[in-house]
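The block underneath contains the structure these notes are about, expressed in structure tokens.
The values are calculated or read from the model by the stated rules, or taken from the named source; none is laboratory data. In this text, all values refer to a predicted model and were calculated from it rather than measured experimentally. Cβ coordinates were reconstructed from backbone atoms using ideal geometry, including for glycine residues, and neighbour counts include every protein chain displayed.
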Amino acid sequence: MDQCRSTRVIIIYAYRVLLIAACGIAVGLALFVSRPAAAQVLQPVPPDSACKLCHIDSTETITLTSGETLNAGIDPVQLDDSVHGVHAAAPVFCTDCHRPQQRYQYPHQANPAESLSEFEAEIAGNCQQCHTTEELHNPGHLQAKDNPNVPNCVDCHGGHDVAPAAAFEADPVGTCQTCHQEIADPHIAEVHAEIVSNLGPNQTCQTCHASTPQSEDAKCQTCHSLLNSALTLPSGDTVDLHVNPADLVTSMHGEQVINGQQYTTLRCTDCHKEQGLWGFPHQPIDAQTRRDLTINMQAVCQDCHTDIFDRNADGIHAQHIVEGNLEAATCEDCHGNHAIQNPDEPRERVSQTCGNCHSTINEQYGGSVHGAALLGEDNPDVPICTDCHGVHNIPDPTTAEFRLSSPYMCGRCHADQELMDKYGISTDVFDTYVADFHGTTVTLFDHQSPHEESNKAVCYDCHGVHNILPASDENSQVIKQNLLVTCQQCHPDANDNFPNSWTSHFKPSIEHNPLVYFVDLFYLIVIPATVGGFLLFIGSDIFRQVRERFQRKSKESHDE
Amino acid sequence: MSNSTGKYWRFDVFQRVEHALLITSFTVLVITGLPQKFSSQPWAEFMIMAMGGIEVVRIIHRAAAVLLIAETMYHFGVLTYKVFVKRVSLTMLPSMQDAKDGIQALTYNLGVTKGAPRMGRYNFGEKVEYWAVIWGTLVMVITGFALWNPIATTYFLPGQFIPAAKAAHGGEALLAVLSIITWHFYNVHLKQFNRSMFTGYISHHEMAEEHALELEQIQKGQLPPPAHPDGLRRRQRIFVPLAAVMALITIVGLYFFITFEQTAITTVPRQTTDIYVPLTPAPDAPGG
């Protein structure tokens, strides 16, 4: 029993020893296989491990038929760091790019590439197996695929050191410029350099060199929106080359529906016709000065706005230009060029436009009753410059003709009952003016000899011109205390009584000019009474004569 | 005065010349004046244009006015001579008899009264006309002076007299023209053409009808005797130098009337300002 029991103990003991030994061996083995070499035992062997056995750190070179040499060695660190390296989402193996596989199995078959570029081109052809998004790439390059000078994938992206796409996106222009470095024409090179340097955040070479050919207009806009420099004319004047395409779109020349007719935005070459014909680079501009250019550009406006242009030709500005005063306003001076807006919206704009050149007059106008109402209240009734002076066919305001017809100009509003009622202004002003000595003469001159000067006062001789104030204003030229001075402008000997000889635009009444009223009333009664009395007496005399004739006749017949 | 052919001497050559001057000046004043009063009428504008424009019309009007004033002055000179030197009876003075004659003429015309009034050298109708001319000329000369010389006038009259003068000048003109066309034209042209102001003689028939009383006096030889030659000569000696002085004063006065003032020397002096004064710094071209 004891022997049996001791035998079982020995077996258990031995088992324990064996178990411990097995554990020791296992640990020892584990420690042994924990070396890298031992891992190969646990994982599948990568398909290019064989390639790397030879090519990593190889210093051999291969000489191609062209005489060019190719390094057989590769830098594993560079490869691992590349976008195809160990961190790639999907592993890329040597034979994924170096195909066909049969050629690259060891011993390698002879490579048919005769030169380095042929070698690279063949490899580049394999990129498409994975990278099918060809359209992301420059269309010019793709379209010119068969041209031997066109870069292939490897030319731009590199080989074993292929960089992530983000690296190209970060500097797309630089990528292009690795090849495209020089432009032969220095003028184009200069313009191009400025455009490139002004490229915006989302702009690349492809903004201009896009996949689909650009329209003429887009071509103009792309360059000129990026150009900030100026063109220098022979005189030394400069022309700003920057154009904001949005200016045109939001201008009167943008999309418009006018009288039910839909108009599309004007194209650059609709106005800049010659530039359109010439394309780029542009021909030199004829104009010697900036002013010449502005004046010449009027012809462009004429093409569409014929009527307005013709009327403008009769105007004082155009006449001055013809006479050689080049400061006179042209289309562009008033309307602008690319960002033309509705010229009288708001109405204030007109005053500002004229004020650009006629600043002192505009200043006076701003202080007048008309100007203050326009600028302060946006009053729609007060005259703006163009209401009195006209728009395109602006007449010379210094002529006798303008002066003589001016009362009608004022009368257009001041004799308008409906309009004047709004402001409590009498509409008798025009009639009372014409009824008086000054107005009678001026009206007759206007009708009969409009080109002859008359020294009789017109509205603005007394009331002021651009600085016109309400007759009740203490600074008004026509308020009672200032009237004598105003009269003395023409009547230097006038005394204190003299201004009262003017009826102040009042129709005679008991309140205003009673003496005149009673004289009128006197004759209103005396004339019909006298003449009526005469006529009655004459009637009675005719009655007598007729009666006597009848009596004579009846007497004669009686006598017979 | 009477003769066998039944014609009676009525107006001497000086009176007829006066009348001719009056016709001339009055007609010219009407032709140049009425278009000014009604200048807004197309016919008036046409007349003004035909006469060479408003400024020419004004000059003609003033020239005719000077003629009328001169004629009036002469008339008063002659009148003074007749009254103070020749001591003629004042046949043109209105009297109560004229009013009675007028009423009788009217009632006779209407057939209410049997007989026509028997009237003297100047009947009521002629007196009305004469005094109307006197009154009218006075009004026109005074108001005309005010219009011609408004500044001088306002030195001694309120300003309102100028437009009032204009109203009176126009009203009186219209009254005169209408009176001439009705009263004068009817009485001496239409009723029967009275040639005495042109020939100097009046027919017996007209005398009988218009101046029955005067005719009777002529026929009866009851005319007042002419002044005594001695007295006449003495008075003439006083009158002539006095008249010469008066004439001189009149001429000088008339000259002053014409050249009294230069109302409007000039028009408002032209202001020469630089109209091209661009804003500095130049604003952006409108809309860039």
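Annotation note: of B:SER25, B:SER89, B:SER39, the sole residue that is under 15 Å from the mean Cα position of the chain (by Cα) and of a type in the set (Ser, Thr, Tyr) is B:SER25. Could you check segment B:67-98 and list, in sequence order, the residues that are among the basic types (Lys, Arg) and either free of Cβ contacts under 8 Å to residues at least 12 places away in the same chain or in a helix (DSSP H, G or I) (or both)? If the condition is that a residue be among the basic types (Lys, Arg) and either free of Cβ contacts under 8 Å to residues at least 12 places away in the same chain or in a helix (DSSP H, G or I) (or both), then B:LYS82 is the only one that fits. Scanning segment A:444-468 for residues that are facing chain B (nearest Cβ under 8 Å), crowded, with 18+ Cβ neighbours inside 10 Å and in contact with a helix residue (DSSP H, G or I) (Cβ under 7 Å, 6 or more places away or on another chain) returns A:LEU444, A:PHE445, A:SER454, A:LYS456, A:ALA457. Quick one: A:ILE340 ticks every box in (1) crowded, with 17+ Cβ neighbours inside 10 Å; (2) of a type in the set (A, V, I, L, M); (3) under 30 Å from A:GLU401 (Cα atoms) except a single one, so which number is it? Evaluating A:ILE340 over (1) crowded, with 17+ Cβ neighbours inside 10 Å; (2) of a type in the set (A, V, I, L, M); (3) under 30 Å from A:GLU401 (Cα atoms) leaves (3) as the failure. Of all the listed residues (B:SER4, B:SER39), the sole one being at pLDDT below 95 and loosely packed, with under 14 Cβ neighbours inside 10 Å is B:SER4.
Condition (residue is small (Gly, Ala, Ser), more than 29 Å from B:LEU174 (Cβ to Cβ), in a helix (DSSP H, G or I) and more than 7 Å from every other protein chain (Cβ to nearest Cβ)) applied to segment A:538-545: is it met by at least one residue? Within segment A:538-545 (the criterion being small (Gly, Ala, Ser), more than 29 Å from B:LEU174 (Cβ to Cβ), in a helix (DSSP H, G or I) and more than 7 Å from every other protein chain (Cβ to nearest Cβ)), the answer is no, since none of the residues qualifies. Here are the criteria: (1) surrounded by 13 or more Cβ atoms within 10 Å (Cβ to Cβ); (2) of a type in the set (D, E, K, R); (3) over 18 Å from the mean Cα position of the chain (by Cα). Tell me which single one A:ASP303 does not satisfy. Unmet condition: (1).
Residues are listed down the side, and each one gets a yes or a no for (1) part of a helix (DSSP H, G or I); (2) in contact (Cβ under 8 Å) with a residue 24 or more places away in the chain; (3) surrounded by 13 or more Cβ atoms within 10 Å (Cβ to Cβ):
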site: A:GLU474; (1), (2), (3): no, no, no
site: A:ASN482; (1), (2), (3): yes, no, yes
site: A:HIS491; (1), (2), (3): no, no, yes
site: A:PHE506; (1), (2), (3): no, yes, yes
site: A:LEU515; (1), (2), (3): yes, no, yes
site: A:VAL519; (1), (2), (3): yes, no, yes
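Would you confirm whether or not segment A:218-230 contains a residue that is among the hydroxyl-bearing types (Ser, Thr, Tyr) and in a loop (DSSP other than H, G, I, E, B)? The answer is yes, given that some residue of segment A:218-230 is among the hydroxyl-bearing types (Ser, Thr, Tyr) and in a loop (DSSP other than H, G, I, E, B). For the criterion of being in a helix (DSSP H, G or I), more than 24 Å from A:GLY464 (Cβ to Cβ) and free of Cβ contacts under 8 Å to residues at least 24 places away in the same chain, A:ASP310 passes.
Step by step: first the residues of segment B:103-134, then only those that are of a type in the set (Phe, Trp, Tyr) and away from chain A (no Cβ under 11 Å), then the one that is surrounded by the most Cβ atoms within 10 Å (Cβ to Cβ). Which residue is that? Residue satisfying both the conditions and the ranking: B:TYR122.
The single condition among (1) more than 9 Å from chain B (Cβ to nearest Cβ); (2) out of contact with any Phe, Trp or Tyr (no Cβ under 7 Å at 6 or more places or on another chain); (3) assigned to a helix (DSSP H, G or I) that A:CYS487 does not satisfy is (2). If the condition is being of a type in the set (Asp, Glu) and not in a loop (DSSP other than H, G, I, E, B), then segment A:450-470 contributes only A:ASP461. Applying the set (1) out of contact with any helix residue (DSSP H, G or I) (no Cβ under 6 Å at 6 or more places or on another chain); (2) assigned to a helix (DSSP H, G or I); (3) surrounded by 13 or more Cβ atoms within 10 Å (Cβ to Cβ) to A:GLU169 leaves exactly one unmet item: (3).
B:GLN15 fulfils the conditions (1) under 17 Å from the mean Cα position of the chain (by Cα); (2) at positive phi except for a single criterion, (2).
Inspect segment B:227-249 for any residue being exposed (fewer than 14 other Cβ atoms within 10 Å of the Cβ) and either touching a Leu at 6+ places or on another chain (Cβ under 9 Å) or of a type in the set (Asp, Glu) (or both) and give the result as yes or no. Yes, segment B:227-249 contains at least one residue that is exposed (fewer than 14 other Cβ atoms within 10 Å of the Cβ) and either touching a Leu at 6+ places or on another chain (Cβ under 9 Å) or of a type in the set (Asp, Glu) (or both). Taking residues in segment B:227-244 that are farther than 17 Å from B:LEU79 by Cα, and partners anywhere that are part of a loop (DSSP other than H, G, I, E, B), not one pair has Cβ atoms closer than 7 Å while being at least 6 places apart or on different chains.
Filtered by the rule that a residue be more than 7 Å from chain B (Cβ to nearest Cβ) and not aliphatic (A, V, I, L, M), segment A:499-521 gives A:TRP502, A:SER504, A:HIS505, A:PHE506, A:LYS507, A:PRO508, A:SER509, A:GLU511, A:HIS512, A:PRO514, A:TYR517, A:PHE518.
Among residues of segment A:314-337 that are facing chain B (nearest Cβ under 9 Å) and farther than 14 Å from B:TYR276 by Cα, those with a beta-carbon under 9 Å from a residue that is hydroxyl-bearing (Ser, Thr, Tyr) and surrounded by fewer than 20 Cβ atoms within 10 Å (Cβ to Cβ) at least six positions away or on a different chain give the pairs A:GLU332/A:THR294; A:ASN337/A:THR294.
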